[in-house]
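Have a look at the structure below before the remarks.
The numbers here are math on the coordinates, done by the rules we state, and not lab data. Remember, it's a predicted structure, so these values are computed and weren't measured experimentally. With ideal geometry, Cβ positions are generated from the backbone for all residues, glycine too; neighbour counts draw on all protein chains shown.
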Amino acid sequence: MAWYNEMGNDFDTVLSSRIRFARNISGYPFDGKLSEEDAKKIIEEVSRAFENKGFKKTNFSDIPTAEAASYMEKHFVSREFAAKKTPHALLLNESTSAAVMICEEDHIRLQSILPGLALNEAYRIACEYDDILDSFLEIAYDEKLGYLTHCTTNIGTGMLA
């Protein structure tokens, strides 16, 4: 099935593919109740999980607004994340195929963004890093509900594709 724009031209190009997982760490409140001290602890715990995995950490409390905006324009972070005032950080891998927002709406927003139609590969990358999180951290999970997230629309798999 072809999609058409208002000019009647069909779209046959996919610009990018993204898989995102929302995760929270057991024992910490969700973002609205999270203290600065707990946010800093979460940043350190998540950062430790990705040590030696080729990720660079950027503490968003330490960067100029223009630099935060450039990460947003590249779709590595959300508008809300870029504007946030409390402690939060970004982990970005060397190839920029994976980004981890720490202390966004959820404690962890792990995403893989690839050019073109590459959902399977983006999913594989996101799952690889999600497995690392699971091996290092106690992720909030319920047998009946699935992954526990800040927003009820993300409960279950916590995945957006």
So for R0 = 35 Å, FRET eff. of Glu138-Leu117 from the Cβ-Cβ r, to 0.05, ends up at 0.50
Can you bin segment 66-115 into rounded, prolate or oblate? Criterion: square roots of the alpha carbon gyration tensor eigenvalues sorted a ≥ b ≥ c, rounded for a/c under 1.5, prolate for a/b above b/c, oblate for the rest. oblate
Loop trypsin sites (Lys or Arg not before Pro), segment 56-128 (other Cβ atoms within 10 Å of the site Cβ: 11 or fewer; DSSP): Lys85
Under unit Cβ charges (Lys, Arg +1; Asp, Glu -1), what dipole magnitude, rounded to 20 debye, does the chain have relative to its Cα centre? 200 debye
Enumerate the whole-percent occupancy of each 5 Å bin, from 0 to the last occupied one, for all C-alpha pair distances of segment 1-151. 2, 9, 18, 20, 19, 14, 8, 5, 4, 2, 0
In nm, give the distance between the simple-model label positions of Glu67 and Lys85, each being 7 Å from the Cα along the Cα-to-Cβ direction. 2.1 nm
Enumerate the lysines that Lys84 could reach by cross-link, defined here as Cα to Cα under 29 Å, with residues fewer than 8 away along the same chain left out. Lys33, Lys40, Lys41, Lys53, Lys56, Lys57, Lys74
What is the spread of the Cα atoms of segment 88-159 along each of their three principal axes, largest first, in whole Å? 34, 27, 23
